[in-house]
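K.L.:
Below you will find the structure I want to go over with you.
What follows is calculated from the coordinates using simple rules that are stated; it is not laboratory data. Since this is a predicted model, take the numbers as computed values, not measurements. Using ideal geometry, Cβ is built from the backbone for each residue, glycine included, and neighbour counts are taken over all protein chains shown.
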Amino acid sequence: MYFTSNEGSACEIFAEYKIGDNWQIAPGHMTFSGPENSRLGQFSHNDMAYLRLRYSF
């Protein structure tokens with residue numbers, strides 16, 4: 001996903017994998033950029049990586 005405006009941009013890359021009948025894993029990374037005083041630019045030092053592991057029954 002990519003979002004851009006005059007106030008900066010945000011980009012998220014993610015994937016979802018079904019490991020078995022009950023397990024799912026979802027890694028991802030989100031990046032923010034823009035001028036320091038803009039709505040999205042204020043988060044430019046708060047990029048994040050995540051990993052979600054889900055079990056369904």
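K.L.:
What is the distance, in nm, between label points placed 7 Å from the Cα along the Cα-to-Cβ direction at Ser33 and at Met1?
P.N.:
Taking the simple label geometry, Ser33 and Met1 are separated by 1.9 nm.
K.L.:
Let me ask something else. Taking the alpha-carbon set of the chain, what are its Rg and Dmax in Å?
P.N.:
Cα-based Rg and Dmax for the chain come out at 15.1, 47 Å.
K.L.:
By how many nm would the segment from Phe57 to Asp21 lengthen if fully extended, with 0.36 nm per residue of separation less the alpha-carbon distance? Mind dumping the intermediate values first?
P.N.:
Working: separation 36, 0.36 × 36 = 12.96 nm, distance 0.92 nm.
Between Phe57 and Asp21, full extension yields 12.0 nm more.
K.L.:
Taking the Cβ of Phe32 as the center, what net charge do the other residues with Cβ under 13 Å away carry, scoring Lys and Arg +1 and Asp and Glu -1?
P.N.:
Numbers: positive: Arg39; negative: Glu7, Glu12, Glu36, Asp47.
Neighbourhood net charge equals -3.
K.L.:
Please identify every one of the trypsin sites (Lys or Arg not before Pro) in the stretch 9-57 that sits in a loop by DSSP and has no more than 16 other beta carbons within 10 Å of its own beta carbon.
P.N.:
Here the sparse-neighbourhood loop sites are Arg39.
K.L.:
Take Asp47 and Glu12, extend 7 Å from each Cα along the Cα→Cβ direction, and tell me the distance between the two endpoints in nm.
P.N.:
So the label points at Asp47 and Glu12 sit 1.7 nm apart.
K.L.:
Would you mind calculating the relative contact order of the stretch 2-55 from Cα pairs under 8 angstrom and at least 6 residues apart, reporting the percent as a whole number? List each step's numbers first, then the result.
P.N.:
On the way: 110 pairs, mean separation 18.2, N = 54.
This gives 34 percent for the stretch 2-55.
K.L.:
Which Cα, out of Ser5, Phe57, Gly41, lies furthest along the positive dipole direction of the chain (beta carbon charges, K/R +1, D/E -1)?
P.N.:
The Cα lying farthest towards the positive end belongs to Phe57.
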